[in-house]
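Structure, as structure tokens:
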Amino acid sequence: MMGLQEEEFQMPNFKQLLEEKDSEIMRLKTLLTKYVPKSELDQMSNSHPSTKIAASTATLESPENLCSQLSKEDVARYSRQLILPDFGVGGQQKLKKASVLIVGAGGLGCPAAIYLAAAGVGTIGVVDYDSVELSNLHRQILHKEHGVGTPKSLSIILAVSSLNSSVKCVSHHVLLKSNNAEEVISQYDIIIDATDNVASRYLLNDACVLLKKPLISGSALRFEGQLTVYNFDGGPCYRCIHPSPPPPETVTNCSDGGVLGVVPGTIGCLQALEAIKIAAGLGSSFSGKLLLFDGKEGSFRKITLRSKQKTCSLCGDNPVISKLIDYEQFCGASPTDKTETLHLLDDCSRLTCQEYKQLKEDSSPHLLIDVRPPEEVAICRLPNSVNVPFSKVEDPIEVEKIRNYIQKLDNKNKQVFFICRRGNNSQRAVQLLEPKLADLNVILRDIRGGIQAWAEEVDTAFPIY
Amino acid sequence: MEITPGIESMANNAAPYVGMSTTVSFNGKSGNISSGGAELLFNNKKKFDVMLPSSDKPWTIKNLLKWIKDNLLEERPELFIQKDSVRPGILVLVNDADWELLGALEYEVQPNDRIMFISTLHGG
């Protein structure tokens, strides 16, 4: 473990520098028009081009009253949003002063960050402890192929800075936990929850309530996305809606459930929109509301959530939570979206990939059952395996199929091996099927680490997904 | 009672997510229950048009959940129901509003109600 680390990358703030110089010039020009006789001014403006405009406008009104605080460059850059009724110069100036923290530099965090930067949010912080993997790139669109293996928070910062160098970017390469969350969050006005796990969502919610920050929460899986804003404008917090965490076995991550990149992309953009609206003083459309996006059906549905709950253990009338707790313990799951490795079977019921390879080379008769879903089997499979998806291993039709296969094995020591993606469901399958096949005098074992271990330990050309 | 057919089995090893949109009908009048997000639990089916049988007891959501457990869920009901209610992480909506606003378990389902079970997502 590298331990907690925080790296700050601050781009040289040329824009600010320019603005300072500009306003200094303005001030000098104003002084000039006040204290220097007009004839002399005309002479000066002829010899010094930069004072020309000041000299000509000075006769009408002080330029400070004519132009907004925005620089000429800002006006050009943000012109299309400056002319928006309801947003305007005031909105832009508020945006410039605002700071937004994006927690999670993934499928939600990337689009959120880039749109916030494009819009001219003054300070953007990004928290992430992961490094870029190839399997991220289909949805985490600010990371690059050559950035695989580098910290995600850093590659977001690079992308943001190259789009808008005037944005102050801060990379927090830390795993946000109870002992550091408040320190990071307290530095920002608005927090975007772009995380991928339950423990982090409760942690962010609690910290935002304790520190009185609005929390813009997004999530996505498969073809669906959800968006809501917590702890804002008298609305509910995450605990008002979800007083208890879901059982860990009911939580699906993107790695196991899959996700189409555009889906978190859509939700991440909407998170940026809400952050911009809140920062610009326009309020939010999702306090006490939940947006349900179904990408497969092309539908957006906005539903009304319960109001802030008086009985809420965190933001209610008699809160029992007054400081951050242990969220891993509370949720029964770690603050990552990594799949945990289970140890359900005794060692004698397990085979390593190397042992299985040897067994194949010895042409030892056996049956190999791949319990992954057909979509995953279609990506890659071991030769001579039969597919019985884990969800169907108890299905009487499938059990009968397996019994038939086993009866065709012609040796006495009938061996059946189960393989899955990472070695968890293969163990579960052994446990589920042992009683159903007990009469066949058969040895059921699982292959440790599944297809992924096979790719890492035996056949490095084998794909990993 | 009518239930739209099309029930397949649970899709894969990933945890089922709940979201179903079902249409409920009463006494021959068409109603609406809808499953928006629980399709893996409900065999990949998003929408059920159901006609609830006549009953002496009012069709509260509590009773409806029991009925769904007995009639629509084929396997692993614990992933949907815990004690008498839905498990944590599932949001119940009645006509696009959080059921808590309407009395939660005690709400009496009305003809043409659209009831959705939404599984909260956590990925990103």
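Could you go through the range A:247-256 and let me know if any residue there is under 18 Å from the mean Cα position of the chain (by Cα), free of Cβ contacts under 8 Å to residues at least 40 places away in the same chain and within 14 Å of another protein chain (Cβ to nearest Cβ). Checked the range A:247-256: at least one residue is under 18 Å from the mean Cα position of the chain (by Cα), free of Cβ contacts under 8 Å to residues at least 40 places away in the same chain and within 14 Å of another protein chain (Cβ to nearest Cβ).
Condition check for A:Ala220 on (1) crowded, with 21+ Cβ neighbours inside 10 Å; (2) among the small types (Gly, Ala, Ser); (3) away from chain B (no Cβ under 12 Å): one failure, at (3).
For (1) more than 9 Å from chain A (Cβ to nearest Cβ); (2) surrounded by 20 or more Cβ atoms within 10 Å (Cβ to Cβ), each residue gets a yes or a no:
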{"residue": "B:Ser54", "(1), (2)": "yes, no"}
{"residue": "B:Lys57", "(1), (2)": "yes, no"}
{"residue": "B:Ile61", "(1), (2)": "yes, yes"}
{"residue": "B:Asn71", "(1), (2)": "yes, no"}
{"residue": "B:Gly89", "(1), (2)": "no, yes"}
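Only one entry in A:Val371, A:Val386, A:Val377, A:Val399 is in contact with a Pro (Cβ under 7 Å, 6 or more places away or on another chain), at negative phi and either β-branched (Val, Ile, Thr) or open to solvent by 80 Å² or more (accessible area, probe 1.4 Å) (or both), namely A:Val371. Residues that are buried (at least 23 other Cβ atoms within 10 Å of the Cβ), without any contact (Cβ under 8 Å) to a residue 60 or more places away in the chain, touching a strand residue (DSSP E or B) at 6+ places or on another chain (Cβ under 8 Å) and more than 30 Å from A:Lys323 (Cα to Cα) within the range A:139-166 comprise A:Ile156, A:Val160, listed in sequence order. Residue count for the range A:199-217, restricted to those that are in contact with a helix residue (DSSP H, G or I) (Cβ under 6 Å, 6 or more places away or on another chain), open to solvent by 10 Å² or more (accessible area, probe 1.4 Å) and under 18 Å from A:Gly268 (Cα atoms): 1. Counting only residues that are in contact (Cβ under 8 Å) with a residue 12 or more places away in the chain and open to solvent by 10 Å² or more (accessible area, probe 1.4 Å), how many does the range A:120-138 have? Final tally of qualifying residues: 11. Residue count for the range B:94-106 satisfying the condition of being under 14 Å from the mean Cα position of the chain (by Cα) and either open to solvent by 20 Å² or more (accessible area, probe 1.4 Å) or within 18 Å of B:Asn63 (Cβ to Cβ) (or both): 6. The numbered conditions (1) out of contact with any Gly (no Cβ under 7 Å at 6 or more places or on another chain); (2) within 12 Å of another protein chain (Cβ to nearest Cβ); (3) open to solvent by 20 Å² or more (accessible area, probe 1.4 Å); (4) not in a helix (DSSP H, G or I) are all true for A:Arg422 except (1). Does A:Pro463 meet the test of being loosely packed, with under 15 Cβ neighbours inside 10 Å and over 25 Å from A:Cys254 (Cβ atoms)? Considered against the rule, which asks whether it is loosely packed, with under 15 Cβ neighbours inside 10 Å and over 25 Å from A:Cys254 (Cβ atoms), A:Pro463 comes out as no.
Pairs are defined by a Cβ separation below 6 Å, a sequence spacing of at least 6 or placement on different chains, a first member in the range A:445-458 that is among the hydrophobic types (A, V, I, L, M, F, W, C), and a second member that is part of a helix (DSSP H, G or I); the pairs so defined are A:Ile447/A:Tyr356; A:Ala453/A:Cys353; A:Trp454/A:Cys353; A:Val458/A:Cys353; A:Val458/A:Lys357. For the range A:125-183, a residue qualifies if it is farther than 16 Å from A:Asp193 by Cα and part of a strand (DSSP E or B), and the qualifying residues are A:Ser131, A:Pro151, A:Lys168, A:Cys169, A:Val170.
Filtering A:Val393, A:Val458, A:Val430 for residues that are among the β-branched types (Val, Ile, Thr) and touching a strand residue (DSSP E or B) at 6+ places or on another chain (Cβ under 6 Å) leaves a single hit, A:Val430.
The values are calculated or read from the model by the stated rules, or taken from the named source; none is laboratory data. Here the structure is a predicted model, which means the values were calculated and not measured. Cβ: placed from backbone, ideal geometry, glycine included. Neighbour counts: every protein chain shown. Side chains included, ligands, DNA and RNA excluded: accessible areas come from the protein's heavy atoms. Shrake-Rupley method; radii C 1.70, N 1.55, O 1.52, S 1.80 Å.
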